[in-house]
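Read through the structure below, which is laid out as structure tokens, and then see the notes.
Taken together, the values in this text are just the output of simple stated rules run on the coordinates, not laboratory data. Everything numeric here is computed off the predicted structure, so don't read it as measured data. Ideal geometry is used to build each Cβ from the backbone, glycine not excepted, and the neighbour counts take in all protein chains shown.
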Amino acid sequence: MIRGLMMGVVAAAALALSAAAVAQESHGTAQEARALLDKVVAAVKADKTKALAMFNKGEGGFRDRDLYPFCFNISDGEIVAVGNPNTKGLLGLDRGTLKGATKGLGLDVYTAAQKPEGEITEVSYLFPRPGSDTTPVSKKVSFVTRVGDLGCGVGYYK
């Protein structure tokens, strides 16, 4: 009986550890988000039109679990790319209309993109995860940079 109880405890522990590992694998890390931003910058520099189309479609490795790029025009703030399939309604809107749960996300992201090209700024806010509705929101950090006449970023959930 004790042996059976111990085997049950070991099985439960193994199940809990494997569930935790799967949960971690389903979310992108800060390092992966930063690497994706580097890929975004290279793609925009190589062919801006093609890159924006790939970002919007999530093609070419530009959507990985809950990591995806977003871009907007520096001149007018118009959102021109968003890799999150649940927020396609943001395309064409002014980035100023985008708000986090606690502060003006759009302005913070826009300000970060005003810095010199190649400088990367971290912007923290609350935002719904892809595949969820507007609640609950999660802590998110986006790496944002200027690429020519665009502001682009990739965020990860904490």
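Among 45/115; 48/158; 45/158; 48/139; 50/158, which pairs are too far apart, with a Cα-Cα distance over 27 Å?
Numbers: 45/115 17 Å; 48/158 30 Å; 45/158 29 Å; 48/139 30 Å; 50/158 30 Å.
The answer is 48/158; 45/158; 48/139; 50/158.
Would you work out if the range 28-157 is rounded, prolate or oblate? Take a ≥ b ≥ c from the square roots of the eigenvalues of the alpha-carbon gyration tensor; rounded if a/c is under 1.5, else prolate when a/b is larger than b/c, oblate otherwise.
Values: a/c = 1.35, a/b = 1.18, b/c = 1.14.
Rounded.
Based on the Cβ-Cβ distance from residue 47 to residue 139, what FRET efficiency comes out when R0 is 25 Å, to the nearest 0.05? Spell out each step's value before the answer.
Values: r = 34 Å, r/R0 = 1.36.
Once rounded, the FRET efficiency stands at 0.15.
Provide the FRET efficiency to the nearest 0.05 for the residue 117-residue 27 pair, computing r from the beta carbons and using R0 = 30 Å.
Numbers: r = 29 Å, r/R0 = 0.98.
Efficiency at R0 = 30 Å is approximately 0.55.
Just name one of 28, 143, 120: the one whose Cα is farthest towards the positive end of the charge dipole of the range 28-157 (beta-carbon charges, Lys/Arg +1, Asp/Glu -1).
28
Normalised by the number of residues in the range 28-157, what is the relative contact order in percent for Cα pairs under 8 Å and 6+ residues apart?
Details: 269 pairs, mean separation 33.7, N = 130.
Worked out over the range 28-157, it gives 26 percent.
Multiply the residue gap between residue 87 and residue 129 by 0.36 nm, knock off their C-alpha separation, and tell me the result in nm, one decimal place.
On the way: separation 42, 0.36 × 42 = 15.12 nm, distance 1.04 nm.
The residue 87-residue 129 span can extend by a further 14.1 nm.
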